[in-house]
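Every read-out reported here was derived from the displayed coordinates using simple, explicitly stated rules and does not represent laboratory data. These numbers were taken from a predicted model, which means no experiment stands behind them. Glycine also receives a Cβ, built like all others from the backbone with ideal geometry; neighbour counts cover every protein chain displayed.
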Amino acid sequence: MNRKPILPVITLFLVAVMALSSCSLLHNKTVGAPEQPAQALRTITVPGTGKVTLVPDIAYINIGVRNEAAEVSSALSANNAQATAIADAIEAPREIDVERARRAAERARERIRAGSPEWDVDRAVAALERALSRLKVASEAAGR
């Protein structure tokens with residue numbers, strides 16, 4: 001790693017700050033005049049809280065497929081088939097079956113509650129998240 005020494009930069013900065021502050025003190029001092037007490041700073045303090053929410057209107061999703069084959073054309077054909085299958089599987093909000101999503105969410109909740117060794121809890125949590133996401137998208141689309 002090539003690191004430039006930072007000490008000379010800091011030293012130069014501190015010297016410049018000291019020089020400028022000295023100039024400011026000399027500028028504000030009048031020779032022979034009595035010193036006056038510094039005026040209190042005038043400030044305005046406004047306490048409060050706020051909240052900003054924003055619904056995103058763009059989502060970027062990067063999905064890739066990868067295939068290996070003896071010939072490039074075979075791998076390309078397999079990639080195209082998989083990419084088409086992914087694109088066809090993506091639902092538009094108007095295509096979401098709300099009742100099916102509700103049933104999927106309930107099934108996932110039951111599997112999570114049961115905690116049975118025959119069910120993978122991580123998969124059940126992921127299924128619940130997908131179902132809730134689909135319900136939210138459908139609800140927002142219906143509200144527009």
Assertion target for 54, 14, ordered by fewest C-beta neighbours within 10 angstrom first, is 54, 14
Is there a quick way to get the dipole size of the range 62-144? I mean about its Cα centre, with the Cβ of Lys and Arg at +1 and of Asp and Glu at -1; what is the value in debye to the nearest 20? 440 debye
Here the net charge surrounding residue 103, from other residues whose Cβ is less than 12 Å away from its Cβ (Lys, Arg +1; Asp, Glu -1), is +1
Within the set of other residues whose C-beta is less than 12 Å from the C-beta of residue 91, count the net charge using Lys and Arg as +1 and Asp and Glu as -1. +1
Counting other C-beta atoms within 10 Å, which of 129, 68 has the fewest, and how do the rest follow? 68, 129
For the range 102-111, just list the computed ³J(HN,Hα) in residue order, Karplus coefficients 6.51, -1.76 and 1.60, θ = phi - 60°, integers in Hz, with x standing in for Gly and Pro. 4, 5, 5, 5, 5, 4, 5, 4, 4, 5
Protection proxy (average C-beta count within 10 Å per residue), highest first, orders 92-98, 44-50 as 92-98, 44-50
